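Enquirer: A single structure is presented below for examination.
Read the figures in this text as sums done on the coordinates, not as results from a lab. Please read these numbers as outputs of a predicted model, since none were measured by experiment. All Cβ positions, even for glycine, are placed from backbone atoms using ideal geometry, and neighbour counts span all protein chains on display.
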Amino acid sequence: MSNAPSTTATAPTGVVVNDFSLQVATANGSGSQTANNVLLRSIFRMGIPVSGKNLFPSNIQGLPTWFTIRASRHGYIGRKRELDVLVLMNPETAAEDALAAAPGTSVVYEKKLAVEKLRDDLRLFPVPFSELAGKLPLPPDQAKLRRLLVNMIYVGVLSDLMGIDPAEIEASIRRQLEGKAKAIDLNLAAMRLGIDHSAAAFQTKLPHRVERMDATTGKLIIDGNTASALGCLFGGATVCTWYPITPSSSLCETFIDLCAEHRVDPGTGRALAAIVQAEDEIASIGMVLGAGWAGARAFTATSGPGISLMSELIGYGYYTEIPAVIFDVQRVGPSTGLPTRTMQGDVLICHTNSHGDGKHPVLFPASPEECFTMAQAAFDLAERLQTPVFVLSDLDLGMNNWMADSFPFPEAPFDRGKVLDAEGVERLKETWGRYRDLDGDGIPWRTLPGTPHPKAAYFTRGSGHTELAGYSEKARDYVENVERLARKLETAREMLPKPAVEERPGATAGLLAFGTSHYGTTEGRDLLEHDHDLPLDYLRLRALPIAREAREWIERHDVVYVVEQNRDAQLAALLRDEMPACAARFVSVLQYDGLPLDATTVVDGVLSHRGRTGGAR
Amino acid sequence: MSATLPAAPKTNRIGLPKADYEGAKSTLCLGCGHDVVTKQIVTAFWELGIEPRRVAKFSGIGCSSKTPAYFLNRAWGVNAVHGRMPSVATGALLANPELIGIGVSGDGDTASIGIGQFVHLVRRNMPLVYVVENNGVYGLTKGQFSATADVGSTLKGGGANDLVPIDLCGLAIELGCGFVARSFSGDMKQLQSILQAAIAHRGTAVIDVISPCVTFNDHEGSTKSYKYAKDHEEPLHEIGFVPYFDDTVAEIPPGEVMDVPFPDGSVVRFHSVGRDYDPTDKDQVLATLHRSRTAKEFLTGILYLEPEKPSFASLLNTVEEPLTTLGEDRLRPSPGMLAAILERYR
């Protein structure tokens with residue numbers, strides 16, 4: 001995607017193929033989700049790179065919802081700030097949405113909303129949706145169903161206006177509503193109503209057209225939480241404890257579904273995993289630590305408020321050296337914040353969690369396939385390092401549908417870390433201590449409860465302890481222990497996923513991003529190179545503490561633009577702390593409005609630092 | 001001439017001396033009730049002949065929570081954070097159901113900061129002996145009231161408690177706990193029987209032990225002092241515990257004895273002490289408890305017993321073997337299965 005031509009030069013009257021951002025505005029609970037997913041999948045099936053983002057309220061029914069589809073022949077699947085096509089179905093927001101649209105935007109809308117009275121500089125496509133829905137073959141008492149089917153009518157209209165193949169829509173409907181013959185028939189009828197109406201009513205179609213290409217073969221359409229849950233399944237997790245919180249709940253719920261199917265002991269029909277919906281996040285992490293202590297692969301998934309609650313026990317897990325995997329699917333804080341919007345705001349609270357000293361490994365998946373692989377890596381790392389490991393996802397990655405590479409089957413066995421069985425205890429009984437660094441890497445050996453050897457047991461405590469796990473308040477014991485823990489973090493640094501780097505010959509400045517900031521950053525980087533003659537190197541950080549390779553990369557660049565989705569430049573603060581000699585090189589590019597990072601933010605941020613004028617477009 | 005051989009130490013049914021069940025030296029105050037409870041725990045596990053390595057000890061924070069270090073050195077211990085022992089124990093026991101769990105907590109650790117986790121542990125019926133060493137006062141922070149202090153009870157430095165106490169036994173029964181007992185650290189015989197029965201119970205067994213704090217709450221005016229407890233203790237019954245491996249059950253005439261069998265074949269035998277009390281009749285139990293609160297009675301014994309109640313692991317229907325030992329062969333679906341799953345997302 002890096003050498004793609006600019007998307008900004010399109011003349012307003014020209015036809016634009018496979019490059020648009022389309023937004024559907026509806027009310028929450030109005031049943032538009034099926035239609036939107038059908039739309040997304042139909043474009044995907046036509047071979048066009050695509051992603052879908054659901055901007056939804058913290059509400060069950062009635063408040064406004066926007067669903068955005070980004071299709072890009074160049075492969076850009078991040079959010080685009082500029083919208084090309086609007087579908088206005090919600091009377092509550094129609095006026096506001098129409099007034100905010102850029103001149104020339106194409107707007108498909110419920111005719112009764114009379115958008116034409118508000119703007120004369122848009123391409124307007126009024127459709128009498130409710131009137132059309134009246135033609136559906138339904139008895140009069142099925143008003144609710146009729147309202148749901150309105151959504152499939154706009155799919156039909158867009159099919160005609162944009163060239164989306166009705167056969168792919170039909171296939172997507174059949175797939176989405178698998179086995180529900182009557183619903184399939186009604187939805188197909190609604191789609192055809194839309195197509196027929198649009199064909200007759202609009203001679204001029206949309207300038208944004210969809211044409212078949214071949215860029216999605218072998219790809220998936222999947223959300224990050226599902227991918228993480230699959231990673232937990234293939235990574236051997238046997239204990240999952242959780243407390244419902246947006247946007248993480250679907251991770252555990254998917255794991256529950258997967259276990260019902262794939263974690264049943266064939267001999268006894270009993271479960272090969274224990275899943276507990278706990279009373280709160282404190283209990284969730286307590287159970288994870290108890291299970292990890294006992295030797296199981298255990299995880300919880302939560303969001304920022306949950307991390308705040310878990311903090312005391314996370315510090316306990318760090319100090320007592322118990323493996324644990326914590327998924328933080330970040331949402332907007334502080335406090336309750338914007339529970340259904342995205343943010344990268346928990347970098348600091350995760351990496352430096354709990355009182356006293358302590359730094360924890362944090363993994364940064366940027367895609368569903370990384371959710372899958374990093375979830376598995378997290379269990380290996382947690383057991384190898386005997387410590388809580390964070391997987392820092394976010395709402396955008398976790399809950400939205402992404403086009404993703406297929407997931408590789410994990411061939412390597414689980415890494416269960418340094419565990420002594422009875423034989424091992426017997427062999428090492430003269431030298432072994434639960435917290436003794438026998439190998440010089442800061443990682444001690446542990447035994448699991450039940451190990452049949454009289455010297456295997458030890459006492460786990462969050463208070464000061466000796467190498468032999470005895471209680472101690474001695475300064476020396478404390479200092480030696482926490483210095484060993486610091487050594488262990490240095491061992492971790494070498495084990496964690498390495499950064500991904502892309503370089504341009506001659507570039508002296510670079511962009512540095514992590515997680516979902518990847519998409520806006522890489523698209524912005526292409527725009528800077530093609531539209532502004534500013535080639536930049538790029539490093540995507542995949543874990544904390546930062547790898548040696550990242551440190552060296554930073555040292556090679558005069559300016560490092562650190563792109564992140566929070567106000568306080570949390571990652572930049574960590575980088576300055578780790579590399580004080582380079583502190584002045586870090587320039588922050590930030591977006592913290594709850595929406596996924598867009599390329600324009602990156603372009604504007606970099607240009608404004610360069611002292612050039614204005615936005616990119 | 002015959003040399004006197006030193007007597008071999010007495011061993012239990014698995015051939016271990018009692019010393020193998022002891023722990024580190026206690027650092028609690030001299031005369032602390034908790035140390036008595038510790039001794040009874042050592043004796044109970046020894047007499048039952050449970051391998052120490054099969055035992056997992058849990059606690060939170062406070063004087064009572066220090067005590068797992070003072071028994072069963074060869075067992076695994078977790079001294080967790082304040083009030084969160086139940087969740088840590090839940091995770092460990094779900095992961096390895098072969099472990100025999102015992103938790104020791106205090107009135108602050110359970111009735112204040114940990115009340116939520118206590119409630120949910122009981123609600124789930126996790127197999128765990130949950131001992132509350134209840135002295136009505138915060139010892140480690142030097143003598144503040146806890147949530148189990150009675151109305152009118154006074155602090156050492158003066159000042160009476162005027163908040164209603166939380167009755168952990170009443171709460172546990174209301175929550176459906178299948179084993180609820182109250183005892184007194186000064187009544188070692190009763191406590192021993194209760195502990196053995198609790199260890200045999202395959203669900204949460206709550207034992208609220210009044211265990212006086214000799215330093216901060218043993219004065220005139222305290223309702224958790226030795227003297228007050230000794231003067232006011234009213235056992236509901238005498239308890240005999242007959243473990244499953246003991247076949248020397250004496251014949252006892254009917255009418256004075258009530259036997260409650262456990263699923264493992266053990267029996268709890270209640271001898272009447274003149275009071276008409278059936279610990280398996282929940283309505284009667286609750287009515288008796290309610291009356292005793294008004295009358296300010298200190299009733300001890302196994303207040304409620306329901307040995308057949310299903311435990312959490314059986315509700316979750318998890319395998320009987322430890323989840324901790326399962327490997328890739330049991331846990332990781334095949335490459336073909338991954339492909340089949342991913343097909344749904346194409």
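Enquirer: For B:D329 and B:A8 in one chain, what is 0.36 nm times their gap in residues minus the Cα-Cα distance, to one decimal in nm?
Expert: Once the chain is fully extended between B:D329 and B:A8, it gains 110.8 nm.
Enquirer: Assuming R0 = 25 Å, can you tell me the calculated FRET efficiency for the pair A:D558 and A:R504, based on Cβ-Cβ distance, to the nearest 0.05?
Expert: It comes to 0.95.
Enquirer: For Cα pairs less than 8 Å apart in space and 6+ apart in sequence, what is the mean separation divided by the residue count of chain A, i.e. the relative contact order in percent?
Expert: Taking the mean separation of contacting Cα pairs over the length of chain A, I get 12 percent.
Enquirer: Sticking with this one: Given a cut-off of under 8 Å on Cα pairs at least six residues apart, what relative contact order in percent is computed for the range A:500-609?
Expert: It rounds to 33 percent for the range A:500-609.
Enquirer: Binning at 10 angstrom from zero up to the longest distance, how are the C-alpha pair distances of the range B:200-341 distributed in percent?
Expert: 9, 25, 25, 18, 11, 7, 4, 0
Enquirer: Lysines near A:K488 by alpha-carbon distance under 16 Å, same-chain residues fewer than 8 away left out - which ones?
Expert: Once the sequence-local lysines are set aside, what remains near A:K488 is A:K359, A:K418.
Enquirer: Continuing with the same structure: Picking from B:R202, B:R84, B:R275, which is most flexible by a Gaussian network model of chain B using Cα springs under 10 Å?
Expert: Most flexible of the set in this elastic network: B:R275.
Enquirer: Separate question: At A:E423 and A:V482, where each label point lies 7 Å from the Cα along Cα→Cβ, what is the point-to-point distance in nanometres?
Expert: Placing both labels 7 Å beyond Cα along the Cβ direction yields 4.0 nm.
Enquirer: To continue, here is another question. Normalised by the number of residues in chain B, what is the relative contact order in percent for Cα pairs under 8 Å and 6+ residues apart?
Expert: Rounded, it is 16 percent for chain B.
Enquirer: So, one more: Label-point separation (nm) for A:N59 and B:F245, each offset 7 Å from Cα along Cα-to-Cβ?
Expert: 6.6 nm
Enquirer: Binning at 10 angstrom from zero up to the longest distance, how are the C-alpha pair distances of the range A:419-495 distributed in percent?
Expert: Distribution as computed: 19, 46, 31, 3 percent.
Enquirer: Still on this model: For A:D577 paired with B:D231, estimate the spin-label separation in nm (one decimal), with each label point 7 Å from Cα along the Cα-to-Cβ line.
Expert: The modelled label-to-label distance comes out at 5.8 nm.
Enquirer: Further question on the same structure: Which trypsin sites (Lys or Arg not before Pro) in the range B:113-178 pass both tests, a DSSP loop state and at most 14 other beta-carbon atoms within 10 Å?
Expert: When the trypsin sites (Lys or Arg not before Pro) of the range B:113-178 are filtered for loop state and at most 14 Cβ neighbours within 10 Å, B:K142 remain.
Enquirer: Average projected area of the Cα convex hull of the protein assembly as shown, in nm²?
Expert: Directional mean of the projected Cα hull area for the protein assembly as shown stands at 49.4 nm².
Enquirer: Ok, one more. HN-Hα J couplings of the range B:335-346 from phi, Karplus 6.51/-1.76/1.60, θ = phi - 60°, integer Hz, Gly and Pro as x?
Expert: x, x, 5, 4, 4, 5, 5, 5, 4, 5, 10, 9
Enquirer: Any chance you could run the full-extension gain for A:E82 through A:R436? It's 0.36 nm times the residue separation minus the Cα-Cα distance, nm to one decimal.
Expert: Full extension of this stretch gives 121.7 nm more.
Enquirer: List the GluC sites (Glu not before Pro) within the range A:411-468 that fall in a DSSP loop (any state other than H, G, I, E or B) and whose Cβ has at most 12 other Cβ atoms within 10 Å.
Expert: Sites meeting the loop and neighbour criteria: A:E411, A:E430.
Enquirer: OK, next. Ignore the peptide's own chain and count Cβ atoms of other chains within 10 Å of each Cβ in A:278-285; give me the average, rounded.
Expert: The mean count of partner-chain Cβ atoms within 10 Å per residue comes to 5.
Enquirer: While we're looking at this one, here's another question. I'd like the orientation of helix A:599-609 relative to chain A: the angle between its Cα long axis and the longest Cα principal axis, in ° from 0 to 90, rounded to 10.
Expert: Helix A:599-609 sits roughly 70 degrees off the main axis of chain A.
Enquirer: Calculate the tail of P(r) for the range A:319-389: the fraction of all Cα-Cα distances greater than 13 Å, expressed in %.
Expert: So the pairs more than 13 Å apart make up 68 percent of the total in the range A:319-389.
Enquirer: Note the full-extension length gain between A:E178 and A:L124 as 0.36 nm times their separation in residues minus their Cα-Cα distance, in nm to one decimal.
Expert: 16.0 nm
Enquirer: Taking amide H positions as placed 1.01 Å from N in the peptide plane, with prolines and chain starts having none, which residues 5 or more places from A:F414, or on another chain, fall under 5 Å of its amide H?
Expert: So A:F414 has HN proximity to B:E328.
Enquirer: Taking only Cα atoms and a 10 Å spring cutoff, compute GNM fluctuations for chain B and point out the largest among B:G152, B:G336, B:G301.
Expert: Fluctuation is largest for B:G336.
Enquirer: What FRET efficiency comes out for the pair A:A584/A:D357, r = Cβ-Cβ distance, R0 = 35 Å, nearest 0.05?
Expert: So the FRET efficiency works out to roughly 0.85.
Enquirer: So, in Å, what gap is there between the alpha-carbon centers of the range B:118-132 and the range A:436-497?
Expert: 30 Å
Enquirer: How big is the gap, in Å, between the Cα center of the range A:530-552 and the Cα center of the range B:258-308?
Expert: A separation of 69 Å, based on Cα centres.
Enquirer: Which value, in nm² and rounded to one decimal, describes the direction-averaged projected area of the C-alpha convex hull of the range B:80-192?
Expert: The directionally averaged projection comes out at 7.8 nm².
Enquirer: What translational D, rounded to a whole number of µm²/s, comes out for the range B:18-320 from Stokes-Einstein when the hydrodynamic radius is the Kirkwood one over Cα pairs, at 20 °C and 1.002 mPa s?
Expert: After rounding, the answer is 112 µm²/s.
Enquirer: Now for a separate question. Can you return the lysines within cross-link range of B:K156? Criterion is Cα-Cα under 24 Å, with same-chain partners fewer than 8 residues away left out.
Expert: B:K66, B:K142, B:K224, B:K227, B:K230, B:K296
Enquirer: Taking R0 as 35 Å, what's the FRET efficiency between A:I256 and A:L348 from their Cβ-Cβ distance, rounded to 0.05?
Expert: 0.65
Enquirer: Additional query: Could I get the Rg over Rh figure for the range A:500-609? Both from C-alpha atoms, Rh via Kirkwood, rounded to two places.
Expert: 0.92
Enquirer: OK, next. In whole Hz, with x marking every Gly and Pro, tabulate ³J(HN,Hα) for the range B:105-115 from phi via Karplus 6.51 cos²θ - 1.76 cosθ + 1.60, θ = phi - 60°.
Expert: 9, x, 6, x, 5, 9, 7, 10, 5, x, 4
Enquirer: Now, a different point. Only Cα pairs within less than 10 Å get springs; with that Gaussian network setup on chain B, which residue of B:G274, B:G62, B:G221 has the largest fluctuation?
Expert: B:G274
Enquirer: Related question: Check each of the GluC sites (Glu not before Pro) in the range A:470-546 and keep only those in coil by DSSP with at most 12 other C-beta atoms within 10 angstrom; list them in order.
Expert: A:E473
Enquirer: Explain nothing, just the number: dipole magnitude of chain B about its Cα centre with +1 on each Lys and Arg Cβ and -1 on each Asp and Glu Cβ, in debye rounded to the nearest 20.
Expert: I would put it at about 1160 debye.
Enquirer: Give the lysines whose C-alpha is closer than 29 Å to that of A:K144, dropping any in the same chain fewer than 8 places away, or say none.
Expert: A:K53, A:K111, A:K112, A:K135, A:K180, A:K182
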